[in-house]
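Report on the following structure.
The values are calculated or read from the model by the stated rules, or taken from the named source; none is laboratory data. All values derive from a computational prediction rather than experimental measurement. We place every Cβ from the backbone using ideal geometry, glycine too, and count neighbours over all the protein chains shown.
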Amino acid sequence: MNTSVARLLSRWSAVVLAAATLTAVAAASSIDTIKSGITATFRQMNVPVEGGFKVFRGTIDFDPTNLKLAHARIEIDTASFDLGAPEYEEELRGKEWFDAPTYPKASFVSSGVISVGENRFVAKGQFTLKGKTQEIKVPFTVRSESGARVFEGELPISRKAYAIGGAEWNDTLDDEVIVKFRVTTTN
């Protein structure tokens, strides 16, 4: 074999190996839904009410040393919101609230992540709920726990911006809903 061909094959092998390594490192981690949770807290007549979403899924690519490649995609089944009271949950699935038959999923897809301190970050991206999409910023922390990554944070969401609850609820419910999450990824 000619030396220039051998060098070319050697370089090609190195490039293929490097690409395979980067692909393996950058592979998305799935959300471990057993160890994760997403809740929403709102105030009704000034009393806090908290419920959780039972069904959600997603993937997160995260390397704190290379935030340009960070990416998250999370989907939440809106019909899975659980207040612990079936009669209210059925109403929340209806057209005035989540309209789950028409809009069965809410989603967040990140477009960028920045560091704002040690183990503290902000993800920017598109949040879609009830057919309305807005850019939001999601502050979060990250840590290792038992060999997995744990992402935690909270952010305010305007229920009115997503047409959650009609105008007749404005005197009873606050507009601000606090979404909290603890997401653990599998390796």
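Here Ala70 does not fit the description of being touching a residue at least 24 places away in the same chain (Cβ under 8 Å), within 14 Å of Lys54 (Cα to Cα) and touching a strand residue (DSSP E or B) at 6+ places or on another chain (Cβ under 6 Å). Scanning the stretch 56-79 for residues that are farther than 17 Å from Arg182 by Cα, small (Gly, Ala, Ser) and out of contact with any helix residue (DSSP H, G or I) (no Cβ under 9 Å at 6 or more places or on another chain) gives a single hit, Ala70.
Yes or no: Arg7 at pLDDT 95 or above and surrounded by fewer than 15 Cβ atoms within 10 Å (Cβ to Cβ)? Criteria not met by Arg7.
Only one residue in Gly165, Gly153 is at pLDDT 90 or above, assigned by TED's automatic domain parsing to the domain that holds Lys54 and not in a strand (DSSP E or B). Which one?
Gly165
Do we have Thr102 as farther than 21 Å from Thr186 by Cβ, among the β-branched types (Val, Ile, Thr), within 22 Å of the chain's Cα centre (by Cα) and crowded, with 16+ Cβ neighbours inside 10 Å here? So Thr102 does not fit the description; no. Scanning the stretch 42-55 for residues being assigned to a loop (DSSP other than H, G, I, E, B) and among the polar types (S, T, N, Q) gives a total of 1. Do we find that Phe53 is at pLDDT 95 or above, in contact with a helix residue (DSSP H, G or I) (Cβ under 6 Å, 6 or more places away or on another chain) and buried (at least 16 other Cβ atoms within 10 Å of the Cβ) in this structure? Here the answer is yes, as Phe53 does meet what is asked.
Considered as a group, the residues in the stretch 56-91 that are part of a helix (DSSP H, G or I) and at pLDDT 95 or above include one that is surrounded by the most Cβ atoms within 10 Å (Cβ to Cβ), and that residue is Thr78. Suppose we filter Ser115, Ser110 for residues that are under 27 Å from Thr185 (Cα atoms) and either in contact with a Phe, Trp or Tyr (Cβ under 9 Å, 6 or more places away or on another chain) or among the acidic types (Asp, Glu) (or both); which single one remains? Among Ser115, Ser110, only Ser115 is under 27 Å from Thr185 (Cα atoms) and either in contact with a Phe, Trp or Tyr (Cβ under 9 Å, 6 or more places away or on another chain) or among the acidic types (Asp, Glu) (or both).
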